[in-house]
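The values are calculated or read from the model by the stated rules, or taken from the named source; none is laboratory data. Only a predicted model underlies this, so the values are computations on that prediction, with no experimental measurement involved. Using ideal geometry, Cβ is built from the backbone for each residue, glycine included, and neighbour counts are taken over all protein chains shown. Quick note on the areas: whole protein, heavy atoms, side chains included, nothing else; ligands and nucleic acids left out. Shrake-Rupley method; radii C 1.70, N 1.55, O 1.52, S 1.80 Å.
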Amino acid sequence: MHAPLVFRAILGLLMDLAIPASLGAFVMAGMRLRSEGGMNFEASGGFLKWLLWGCFLLSLPGVSQWFVQESVPGAQQFVIAGATGAQYTAGIERVTNDFVSNFLVGHVVPVVAASLVFKAVLDMSQGYSPLASIIAALFLLGVQGFYNLATGSWMQSGDAYGVTDMLMSMFGYAANRISPIVGGLALSAAILNHVRHRPWGALAASGLGFLSVSGLWALITHFAGVSL
């Protein structure tokens, strides 16, 4: 027995709004990145939590399939809800998508990123590190590209375990693309500090660590005897 049409329409609306909600979650992750220090953030902080929520919302259809496979009562309603297509919820969905895509990401995010760049200049003028604000601004400006990667090459499967595939693809992107760049910058800073007779050992060690993230991960999985 199916639920009444109005309830299926509301549920279908919520399922369809998961996509723009995930984009909003990625924006919130960028905001939390600034408050957590930019580079040195806590593993249990809001940045990773918002990233996890964004991935979860993007893979919500796959999670619904997992609920169905586990015979969760009422889970079948999540799968058929998106096919309702009621006219009285289409307007809400259109407005929400337009707000997130055009207003939030298209106009608000660039203004916030510009204010963070201005904040970085103020921090530097007061003797503080500008990296926290600069990195958060770069992440916010790249939210659209981050979202395109998440919905493209990162989501390799649309099955019940799509969220884990996406998270592992994110780790691979960070380890293989971002970490070498950060490692090179850290080694460059270490060389500059050595020339200026300032402490450089920590920067050199962190640079080598960033350059070898993929190797460290492969070594740990080999020692643990697992294949991922």
| remark: Checked segment 102-137 for anything touching a residue at least 12 places away in the same chain (Cβ under 8 Å) and open to solvent by 80 Å² or more (accessible area, probe 1.4 Å); matches are Leu131
| note | With the first residue restricted to segment 23-36 and required to be of a type in the set (Lys, Arg), and the second required to be open to solvent by 30 Å² or more (accessible area, probe 1.4 Å), Cβ contacts under 7 Å at 6 or more apart or on different chains are Arg32/Trp50
| query | Only one of (1) open to solvent by 40 Å² or more (accessible area, probe 1.4 Å); (2) modelled with pLDDT under 85; (3) over 30 Å from Ser64 (Cβ atoms) is not met by Tyr161, so which one is it? | reply | (3)
| request: Filter segment 35-47 down to the residues that are surrounded by fewer than 22 Cβ atoms within 10 Å (Cβ to Cβ) and assigned to a helix (DSSP H, G or I), then identify the one that is modelled with the highest pLDDT. | output: Gly46
| message | Of the conditions (1) of a type outside the set (Lys, Arg); (2) in a helix (DSSP H, G or I); (3) within 24 Å of Met168 (Cβ to Cβ), His194 satisfies every one except a single condition; which number is it? | response | (3)
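Anything in segment 89-98 that is open to solvent by 50 Å² or more (accessible area, probe 1.4 Å) and free of Cβ contacts under 8 Å to residues at least 40 places away in the same chain? List them, or say none. Break it down into steps so the answer makes sense when it comes.
Going residue by residue through segment 89-98, those that are open to solvent by 50 Å² or more (accessible area, probe 1.4 Å) are 90, 92-95, 97-98.
The answer is Ala90, Arg94, Val95, Asp98.
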